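Participant: What follows is a single structure, and I will ask about it in a moment.
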Amino acid sequence: TEKGKISCDECVNELMPVARKVGFDTAWDRYEAQLPQCGFGLLGVCCKLCWKGPCRVNPLGDGPDRGVCGADVHTIVARNLIRGIAAGAAAHSDHGRHIAKTLLEISEGHAPDYTIKDENKLYKAAEKVNVSVQGKSVNQIAKEVAKATLEDFSRQDEGIPCVWLDKTVPASRMEKLSRAGVAPHNIDAVVADIMARTHVGTDADPVNLLLAGLKAALADYTGMYLATELSDALFGTPQPVVTAANLGVIKENAVNIAVNGHNPLLSEFICDVALELKDEAVKAGATEGINIIGVCCTGNEVLMRRGIPTATNYLSQELPMLTGAVDAMVVDVQCIMPSLGKLQECFHTELITTMNSCKIPGAKHIEFHAATAAESARKIVRMGIEAYKRRDPGKVNIPQRSSTVAGGFSAEAIITALEGLDAQDPLKPLVDNIVNGNIQGVTLFAGCNTTKVTQDMAYITIAKELAKKNVLLLATGCGAGAFAKAGLMTMEATESFAGESLKAVLTAIGKAAGLSGPLPLVLHMGSCVDNTRAVSLATALANKIGVDLDKLPVVASAPECMSEKAVAIGTWAVTLGFPTHLGVVPQVLGSSVVTDVLTNKLKDITGGYFIVETDPTAAAAKLYNAIKQRRQELGI
Ligand code: BF8
């Protein structure tokens with residue numbers, strides 16, 4: 001980390017003494033305790049797929065060059081990597097399946113609390129999955145869309161690609177993917193295939209293994225895409241909202257309920273019920289009622305759709321409880337630190353798990369079912385109100401720090417803003433400004449936080465460097481959280497950090513859209529699962545220009561990639577043709593073959609490639625070079 005600095009977020013430094021006082025080790029302390037981390041693991045050369053192992057191959061030729069079964073370093077690294085991709089795909093697509101099944105339940109009348117808030121988005125989904133809407137009721141369309149979507153989890157014909165992939169990338173890309181044999185026909189089957197082929201004594205060819213990994217990564221993309229689109233149909237497509245980020249959003253005089261995790265199925269109801277039960281909170285003494293705050297990607301979901309303030313991103317998710325003023329934290333799935341179960345013992349906070357697949361020792365479990373969504377939400381919010389009564393004012397430490405955030409930039413919201421400049425052809429002003437160089441290119445920041453670097457620092461550094469060079473910036477997930485906390489999702493940030501021509505374009509769009517100034521420096525596109533929003537914009541641009549995705553001056557950056565979901569996203573970004581930066585060294589360097597395929601050879605197949613660079617300034621330069629190269633190839 002930068003001179004031992006653990007985070008750019010001052011709230012972290014402010015609350016560390018509180019952690020010490022209550023005797024709690026934070027993620028940063030636990031990281032220190034792990035050092036030095038295992039060199040074999042870091043290189044990806046430790047194999048523990050069977051109980052003859054663990055086998056550790058020394059890639060420097062000093063020691064055994066094979067595992068007990070005879071697997072060499074390339075086989076071992078490739079198998080480890082693609083198992084990670086499969087896990088990422090399983091996580092994202094399980095989220096998507098949950099949404100699709102809920103849509104089906106709603107259409108069949110089994111989830112009476114839900115409504116379909118955005119019928120237009122449902123119609124758009126219907127078009128994608130080849131469901132005709134003519135003369136059908138909304139419920140009937142919902143049922144057919146849900147069933148067609150669920151076929152992406154069950155189709156047995158390997159010759160038919162997943163519809164949510166087929167219909168969402170340019171036709172030329174789809175042809176390329178099919179030719180390479182990496183277009184998935186069935187998300188679950190592809191994940192299972194990876195588990196099967198990496199079983200002891202099966203696939204040993206690193207390239208064949210990696211191709212299966214690309215397919216699983218596209219299965220991840222498919223699951224994410226359908227999750228986002230159907231969530232929009234259910235809960236509304238995000239439109240610009242103004243809210244705030246960082247721990248200052250916690251209110252001393254309110255019942256504070258944090259929503260943490262990923263899936264909007266429950267958190268949406270928590271927000272509704274918070275309004276409904278306000279009087280009960282006031283009666284308990286919380287003069288400001290109930291304050292919902294977001295953490296991680298659930299935070300992004302409710303920020304995008306409802307303007308709910310965000311408390312923090314992944315790595316600092318222990319901090320809200322350390323303020324002593326969070327009365328309940330309700331979690332669903334993914335990226336929830338098990339340490340929260342221990343931490344809640346130090347405070348009055350109720351930690352509540354809601355999904356059968358995610359229970360945490362120390363938490364109370366209230367199982368969520370779509371059929372009784374509002375009832376579960378009420379129970380949870382009331383637990384928060386009861387806990388508030390037990391809050392110890394002597395333990396309350398809320399850092400008074402927060403930044404304004406203008407979020408809600410779905411692809412649709414960006415197009416709507418562009419309509420202010422050209423109502424008939426909204427993409428034209430964007431294309432024109434890319435062609436004339438006012439906008440040099442686009443960078444999507446995605447991914448997590450990790451203790452291996454100074455939290456949020458690389459995001460901020462790279463973004464400022466690229467903005468200066470007139471690159472349009474998009475962000476999702478915990479990257480969006482970093483920018484939100486740092487105040488870079490504001491018009492003021494555009495004024496301060498954008499290059500002149502980028503500033504002029506963002507100002508013209510902002511003014512035409514009726515804002516008082518430019519669009520924010522970094523556009524918040526949503527949670528991790530919403531990375532596909534950026535692809536939908538890129539695909540629209542590619543189709544408009546008449547080129548494939550790998551020709552666009554569009555790059556991706558994951559400065560703090562950490563989770564298996566991030567591994568899957570990075571891999572599909574490269575498979576779709578984007579140069580993709582990783583700011584943390586991936587655990588593959590033990591194999592020269594795997595490293596060469598990922599950073600070099602893949603270019604010949606997909607047009608995309610990984611750029612590994614841990615220095616943020618150098619990373620910004622490499623991303624900019626990749627953009628410049630694409631511009632040159634396009635002749636612009
Ligand atoms: O899904 S960005 S740390 S919270 S994995 Fe997790 Fe990474 Fe955050 Fe969201 Ni995505």
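The values are calculated or read from the model by the stated rules, or taken from the named source; none is laboratory data. Just so we're clear, the structure is a prediction, and the values are computed from it rather than from any experiment. Every residue, glycine among them, receives a Cβ derived from its backbone with ideal geometry; neighbour counts consider all protein chains shown.
Participant: Within the range 495-517, can you find the residues that are crowded, with 24+ Cβ neighbours inside 10 Å and within 29 Å of residue 264 (Cβ to Cβ)?
Facilitator: 506
Participant: Please indicate, with yes or no, whether at least one residue in the range 406-414 is among the charged types (D, E, K, R), over 30 Å from residue 538 (Cα atoms) and either within 16 Å of the ligand (Cβ to nearest atom) or under 29 Å from the mean Cα position of the chain (by Cα) (or both).
Facilitator: no
Participant: With respect to residue 358, is the statement that it is touching a residue at least 24 places away in the same chain (Cβ under 8 Å), within 16 Å of the ligand (Cβ to nearest atom) and farther than 19 Å from residue 478 by Cα true?
Facilitator: yes
Let's see how each residue does on (1) among the aliphatic types (A, V, I, L, M); (2) within 15 Å of the ligand (Cβ to nearest atom); (3) closer than 14 Å to residue 19 by Cβ; (4) modelled with pLDDT of 95 or more:
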position	(1), (2), (3), (4)
308	yes, no, no, yes
314	no, yes, no, yes
318	no, yes, yes, yes
321	yes, no, yes, yes
329	yes, yes, no, yes
333	yes, yes, no, yes
339	no, yes, yes, yes
342	no, no, yes, yes
347	no, no, yes, yes
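Participant: Identify the single condition in (1) surrounded by 22 or more Cβ atoms within 10 Å (Cβ to Cβ); (2) in contact (Cβ under 8 Å) with a residue 40 or more places away in the chain that residue 488 does not satisfy, given that it satisfies every other one.
Facilitator: Every listed condition holds for residue 488 apart from (2).
Participant: Looking only at the range 400-415, filter to residues that are part of a strand (DSSP E or B) and among the β-branched types (Val, Ile, Thr); which one of those is nearest to residue 444 (Cα to Cα)?
Facilitator: Filtering the range 400-415 for residues that are part of a strand (DSSP E or B) and among the β-branched types (Val, Ile, Thr), the one nearest to residue 444 (Cα to Cα) comes out as 405.
Participant: Among the residues in the range 367-389, are any in a loop (DSSP other than H, G, I, E, B), within 27 Å of residue 288 (Cα to Cα) and not aromatic (Phe, Trp, Tyr)?
Facilitator: no
Participant: Follow-up question, since we're still on this one. Filter the range 561-605 for residues that are surrounded by fewer than 24 Cβ atoms within 10 Å (Cβ to Cβ) and among the hydroxyl-bearing types (Ser, Thr, Tyr) and give the result.
Facilitator: 563, 592, 595, 599
Participant: Restricting the search to the range 67-88, which residues are more than 32 Å from the chain's Cα centre (by Cα) and surrounded by 14 or more Cβ atoms within 10 Å (Cβ to Cβ)?
Facilitator: Across the range 67-88, the qualifying residues are 67, 69, 71, 72.
Participant: Quick check: anything in the range 281-301 touching a Phe, Trp or Tyr at 6+ places or on another chain (Cβ under 6 Å) and either surrounded by fewer than 24 Cβ atoms within 10 Å (Cβ to Cβ) or part of a loop (DSSP other than H, G, I, E, B) (or both)?
Facilitator: There is at least one residue in the range 281-301 that is touching a Phe, Trp or Tyr at 6+ places or on another chain (Cβ under 6 Å) and either surrounded by fewer than 24 Cβ atoms within 10 Å (Cβ to Cβ) or part of a loop (DSSP other than H, G, I, E, B) (or both).
Participant: Look through the range 6-40, keep the residues that are in contact with a strand residue (DSSP E or B) (Cβ under 9 Å, 6 or more places away or on another chain) and part of a loop (DSSP other than H, G, I, E, B), and return whichever of them is surrounded by the fewest Cβ atoms within 10 Å (Cβ to Cβ).
Facilitator: 38
Participant: Please determine whether any residue of the range 623-631 is crowded, with 21+ Cβ neighbours inside 10 Å and either over 18 Å from residue 473 (Cα atoms) or within 14 Å of the chain's Cα centre (by Cα) (or both).
Facilitator: no
Participant: Here's another thing I want to ask about it. Residue check: is residue 236 out of contact with any Ser or Thr (no Cβ under 9 Å at 6 or more places or on another chain), in contact (Cβ under 8 Å) with a residue 60 or more places away in the chain and on the phi > 0 side of the Ramachandran plot?
Facilitator: Yes: the conditions hold for residue 236.
Participant: So which residues in the range 267-280 are more than 16 Å from the ligand (Cβ to nearest atom), in a helix (DSSP H, G or I) and of a type outside the set (Lys, Arg)?
Facilitator: The answer is 268, 269, 270, 271, 272, 273, 274, 275, 276, 279, 280.
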